[in-house]
Structures are given as C-alpha cells and as structure tokens.
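What follows is a single structure, written as structure tokens, with notes after it.
The values are calculated or read from the model by the stated rules, or taken from the named source; none is laboratory data. In this text, all values refer to a predicted model and were calculated from it rather than measured experimentally. Cβ: placed from backbone, ideal geometry, glycine included. Neighbour counts: every protein chain shown. Side chains included, ligands, DNA and RNA excluded: accessible areas come from the protein's heavy atoms. Shrake-Rupley method; radii C 1.70, N 1.55, O 1.52, S 1.80 Å.
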Amino acid sequence: MIVTRVWFRTLGSASILFLVGILWYLRHTRYTTVQVHKSSFDWSQVKYLHHAQPEVGAVSGATRILPKIQHRFERSSNISKKQRQRRDVILSTFKKCWRNYRTYAWKQDELLPISAGGKNSFGGWAATLIDSLDTLWIMGLKEEFFEAVGVVASLDWNSTPETSCSVFETTIRHLGGLLSAYDLSGHDALLQKAVELGDMLITSFNTPSGLPASWLDFEKAKTGQLEAGFHEPSTSAGSLALEFTRLSQVTRDPKYYNMVTKVAVLMQQSQNQTKLPGMWPANWNLATGNFVSDNSFTIGAFADSTYEYLPKMFALTGGADTMYAQMYRTAAEAITNSLLYRPTTPNEDDVLFAGSVWVESDGSQRLNPEGQHLSCFIGGMYGVGGKLIGDESHVELGLKLTKGCIWAYNAFASGIMPENFNLVACPSIHGPCPWDEEKWRQKLYADFDGHDDLPKGFTNARVPTYLLRPEAIESVFIMYRITGREELLDAAWTMFQAIDKATSTPYGNAAIEDVGTVGSRQRDSMESFWLAETLKYLYLIFSPPDGMSLDEWVFNTEAHPFRRPRGSY
Ligand code: DMJ
C-alpha cells in the first residue's frame with residue numbers, strides 16, 4: 001500500500017513537472033519559432049555594372065588585446081536600491097511607449113504620441129519596432145521581443161510606398177537594429193533579414209565612382225543606374241563602416257566590409273590634404289571621391305558619426321584595422337586644436353564645447369562658438385578613443401565635454417538643452433576663463449534671435465527644440481562606465497526627470513518646441529531613437545556595469561550594441 005501511494009505521489013509530481021515542461025515549451029516555441037518570408041526581390045542578384053564585384057578578402061587582419069575601456073567597478077554586477085528604483089522608472093516609461101506603439105502604430109515607423117496614431121517616415125518597414133528590438137532584449141521584455149521578431153520575419157524590403165530610402169538612416173536604424181538583436185539573441189530570422197537588407201543597401205555603392213549614393217532609388221539600384229552625389233553629408237559614406245563590417249563578420253562574407261573599406265582608404269589618403277588638416281569637411285563629393293574641397297568643418301550635423309566610428313571600428317575589428325586608430329588620433333588632435341572651446345559662464349565652470357570652423361580663402365580659421373545637441377556624443381568619443389589608444393588626456397577632455405552638455409541642460413528653464421545655440425568662447429581651453437558680463441551682453445545683442453530671456457552665457461538659442469535626442473545622455477553613460485564617477489548617475493537622473501516632465505504624453509513622449517519655456521508646446525513626434533537610444537542609455541546607466549560592458553560591446557551611432565571579437569579585450 002505504502003509503495004503504491006509513494007509511486008502515485010511520484011507519478012503525480014512527475015506529471016506536474018512534465019505538464020509544466022510542455023507548457024513552457026509551447027509558450028517558448030510559440031514565440032521563438034517563426035516562419036521567415038523571403039523578400040520578393042533578391043538584391044544579391046543585382047549586377048555590378050561599374051565595378052567588378054568587390055574582391056574576396058579577409059574581413060580584417062589578426063586581432064589583439066586592446067586596453068580596457070571600463071572602470072574597475074567594485075560591485076560590477078550589483079546596483080544600489082536607489083539605482084534600481086531609477087531603472088524601474090525608465091523601464092515603465094519604455095513600457096508605456098511600447099504598449100502604445102503596439103496599440104496605435106503597430107508595424108508603422110513611428111508612434112504619434114499626442115494624437116495616438118502612427119506614421120511612416122522611413123520606408124514603412126516598422127522603424128520603431130526594429131530600432132527597439134535590442135532595447136526589449138536588454139530590458140528583459142522577451143515576450144515582446146519575440147512577438148516583434150515575428151513581424152520582422154515577414155518584412156519585405158521590396159514592398160514600400162516610397163521610391164527610395166536614405167542609405168544612412170536605414171543602415172544605422174534597421175540594419176544596425178537587426179544585427180544587434182541577432183548578436184544578443186542569436187535568432188536566425190534576424191540574421192536572414194539583415195542579410196537581405198544588407199544586400200539591398202550595399203547596392204548603393206554600385207555607382208560610377210564606386211562610392212555610395214545617399215539615397216537608394218530602388219529602380220535605379222536594380223538596374224545599375226545609381227549615381228553618387230556631388231555635395232553629400234560625410235556621414236552618408238563615412239558612417240556605414242560599423243554595420244557593414246559586423247555584417248561581414250557574422251556572415252563571414254567580406255563583400256560588405258570591402259565596400260566600406262573603399263571609403264576608409266579615401267578618408268585616410270585625404271585626411272591631411274584638407275583645408276583643416278586632420279579633419280574632413282562636412283560635405284564630400286561622392287561622385288568624384290574628392291573629400292578635400294569644402295571649407296566647413298564640424299563634428300555636429302552632417303559629420304558626427306563619421307568621427308564617432310573611427311575608434312569604434314578599431315574596437316570592432318579587434319584592433320586589426322589600425323588605420324582607424326591612426327585616423328582617430330589625427331582627427332582628435334585637429335578637433336582639439338581647432339574646434340574645442342571653453343565658454344565663459346557666470347560660475348566659471350571648467351567645461352568644454354565643440355564648435356564649428358569655416359576656413360577662409362586665405363587659410364585662416366573662423367570658429368563659430370556654437371553648441372549642437374548632436375555634438376554631445378563627442379565626450380563619449382574622446383573617452384572611448386582615449387582608452388583604446390592609451391591616452392588619458394582624451395578621457396579628461398571627454399569628461400569636460402560631457403560636463404558642458406550637462407551644464408547646458410541645467411541652464412535652461414525646462415532642464416533640457418536646445419538643439420542649437422551660441423556661447424562666448426575664451427581664447428584657450430587651458431587658460432583662465434573669467435566671466436565678463438559686459439562682453440556677454442554685447443554678443444547677446446549681436447546674436448539676438450528673438451529670445452530675451454536666455455540664461456547667462458548663452459547668446460542665442462537658434463533652434464530651441466528638443467527632439468528626444470540621446471547624445472548628451474549617451475556621453476554621460478559612456479563617461480560613467482569609463483570613470484565610475486557617481487555624480488554622473490545623478491546628472492543622468494536629473495536629465496531624465498526634466499526630459500520626462502517636458503515630453504511625457506498620455507501615449508508616449510513627444511518632441512518639444514522650446515526648452516526655454518516650462519510647459520513648452522509639444523510636437524506630435526516620437527522618433528524611433530527615443531526607444532532605441534535615449535531610454536536604452538538611461539536604463540543601462542542605472543543597471544549593473546558588467547551588463548553590456550564597453551569592453552565586450554561597441555555601440556553603433558543608433559545605440560545598437562555589436563559584439564566585439566572575443567580575445568581582443
Ligand atoms: C540618431 O539617428 C543617431 O544617433 C544619429 O547618429 C544622429 N541622429 C539621431 C539621434 O539624434
């Protein structure tokens with residue numbers, strides 16, 4: 001009797017376990033098993049009319065051990081209760097946006113956060129969904145992740161109401177998003193869709209010059225009729241390297257890497273021939289390969305990620321592509337000498353900004369002491385670059401540049417910095433920089449842009465909007481991971497609170513018109529980088545530092561992490 005009872009009891013618990021196992025399996029496979037539908041056009045079959053298919057070579061040479069980027073945190077896999085609470089707030093902000101994207105804009109490019117609708121602005125291939133995949137994974141939202149993978153598996157890159165797409169935006173958002181989600185999850189559907197998309201985007205190089213067209217006109221691309229432009233932002237060619245190199249690494253097919261390497265070789269050849277040697281002008285002639293003629297130099301709009309990718313490519317190739325480290329070193333020196341400036345501030349803060357330079361016909365340089373939200377990535381670039389080449393002075397500059405953006409956030413009534421503004425520059429970034437109220441007032445008068453209530457130190461806020469951009473928080477995150485300085489956590493939290501207060505809507509977060517006004521009018525716009533970048537960096541800064549370590553991952557310019565080669569850190 002006793003034996004039978006024990007037997008039944010054992011059988012009972014075994015069946016329960018079995019049932020639980022079956023349920024887990026069904027639930028898991030329901031989400032992880034997806035049927036991939038091939039796109040209706042195979043872009044790998046496009047004939048290269050102007051150039052032979054790029055020759056097959058190694059993706060890159062031998063890797064080596066690179067210097068560590070991350071600070072040695074004492075408790076790298078733990079966080080305090082305060083950080084956990086902050087992280088949970090970021091998580092619920094993300095969840096609200098995702099839930100409403102799913103309800104009101106599912107499969108469209110963007111959620112309209114005020115009118116609760118959707119819009120297509122990037123080809124209609126679910127930009128927000130793809131851009132958010134890795135954030136979903138990192139935040140542990142696996143059910144939502146696998147549901148989104150199901151959508152990705154049915155995407156047809158040949159089906160869009162548009163006649164063309166931006167090569168840069170589709171590369172950094174869609175291709176970057178797919179590759180990163182694949183790196184994190186290993187889900188094969190993501191790789192298959194990344195390859196289809198990569199094969200489409202790489203035809204942008206099928207032009208008479210062999211350099212990429214900025215816009216991929218689909219019909220022209222299919223028939224080899226594309227032409228690269230005469231005056232294009234440098235990012236449209238200079239900032240494709242990370243994504244296509246990662247695609248070559250994971251497919252072991254060097255054709256993508258070979259294409260972007262053509263751009264890098266031209267960059268290297270021209271770097272010291274420009275009007276501001278060490279930097280490249282903001283616009284390039286991609287029809288002829290002339291990267292040297294223009295007079296305008298910036299690390300902001302049109303040029304930003306061209307520079308950002310130099311140290312990051314060195315990291316992604318495991319130190320094999322030394323030309324990127326060399327180009328970074330040379331560019332950073334030129335930027336430091338010509339673009340960085342220390343602004344006069346009422347409290348004489350020791351902060352830096354990167355302005356822009358116009359080179360006159362006599363070769364003299366005219367510095368415009370401006371600030372752009374887009375330029376705020378530069379603190380993180382100096383930090384990562386300095387660590388990789390073993391130059392701590394870059395890390396110090398990176399910290400001061402990051403503090404500049406934090407200072408600008410704190411200066412405005414909303415607690416957010418404007419898209420574009422001007423300051424008064426001191427003669428040197430090293431010497432003293434006393435506050436001179438009279439000089440500031442004179443400049444304020446000269447630069448007057450209609451704002452009569454600017455914070456002291458600012459002479460205009462030419463573009464007073466905030467578009468939910470990530471660059472400032474991105475540098476705060478990177479510099480925290482590099483230096484371990486606790487005050488950066490508080491700076492990030494203050495920034496988030498200000499941003500959420502000004503941008504929150506019942507359905508998500510919206511861009512605002514004027515950071516100088518508390519309660520500014522909102523715009524019915526929530527770009528995909530809010531979920532892909534801004535909230536991801538915020539979530540990560542309050543997470544244990546050994547998660548998504550900068551020693552193991554390198555983030556593309558849309559905050560999509562790619563795995564660095566093992567054995568190189
Ligand atoms: C993003 O798409 C990327 O970060 C890009 O490099 C710059 N612009 C937006 C965010 O501001």
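Values computed for the structure shown
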item: Long-range HN-HN contacts of His71 with modeled amide H, under 5 Å; result: Ile482, Thr483, Gly484
item: Angle between the chain longest axis and helix 81-104 axis [Cα atoms, degrees, rounded to 10]; result: 80 degrees
item: Phi-based couplings in Hz for the range 452-459 (Karplus 6.51, -1.76, 1.60; Gly and Pro marked x); result: 9, 10, 6, x, 4, x, 8, 9
item: Additional length obtainable on full extension of the chain from Asp217 to Lys119, 0.36 nm per residue less Cα span; result: 33.2 nm
item: Cβ-defined net charge surrounding Val384, 10 Å radius [Lys, Arg +1; Asp, Glu -1]; result: +2
item: Whole-number accessible area per residue in Å² for the range 51-557, which is evaluated in the context of all protein chains at 1.4 Å; result: 35 Å²
item: Reachable aspartates and glutamates from Lys501, criterion Cα separation under 20 angstrom, eight or more residues apart if same chain; result: Asp88, Glu419, Glu471, Glu474, Asp490, Glu513, Asp514, Asp524, Glu527, Glu533
item: Förster radius 25 Å - calculated FRET efficiency between Val151 and Arg566 (Cβ-Cβ, nearest 0.05); result: 0.20
item: Inter-site label distance for Lys38 and Ser296 at 7 Å from Cα along Cβ, in nm; result: 4.5 nm
item: Inter-label distance, nm, simple model (7 Å from Cα along the C-beta direction), Lys81/Glu333; result: 5.3 nm
item: Sites Trp106 and Glu162 - FRET efficiency at Förster radius 22 Å, r taken between beta-carbons, to 0.05; result: 0.70
item: Gained length - Arg64 relative to Gln269, 0.36 nm times residue gap less alpha-carbon distance; result: 71.3 nm
item: Percent accessible area from carbon and sulfur atoms, the chain, protein chains only, probe 1.4 Å; result: 52 percent
item: Stretchable slack from Lys439 to Lys142, in nm (0.36 nm times residue separation minus alpha-carbon distance); result: 101.3 nm
item: 22 Å Cα-Cα reach of Lys255 towards lysines, excluding residues that sit fewer than 8 places from it in its own chain; result: Lys38, Lys47, Lys193, Lys220, Lys222, Lys312
item: Percent of Cα-Cα distances greater than 39 Å, calculated over the range 51-557; result: 20 percent
item: The chain: angle of helix 255-270 to the longest principal axis, Cα-based, in degrees nearest 10; result: 10 degrees
item: Crossing angle, helix 322-338 versus the chain [Cα axis fit, 0-90 degrees, rounded to tens]; result: 40 degrees
item: Hz values of 3J(HN,Hα) by residue in the range 389-394 - Karplus curve (6.51, -1.76, 1.60), Gly and Pro given as x; result: 9, x, 10, 5, 5, 5
item: Three semi-axes of the equivalent ellipsoid, the range 127-194, Cα gyration tensor, whole Å, largest first; result: 21, 12, 11
item: Local net charge near Pro418, Cβ-Cβ under 12 Å (Lys/Arg +1, Asp/Glu -1); result: -3
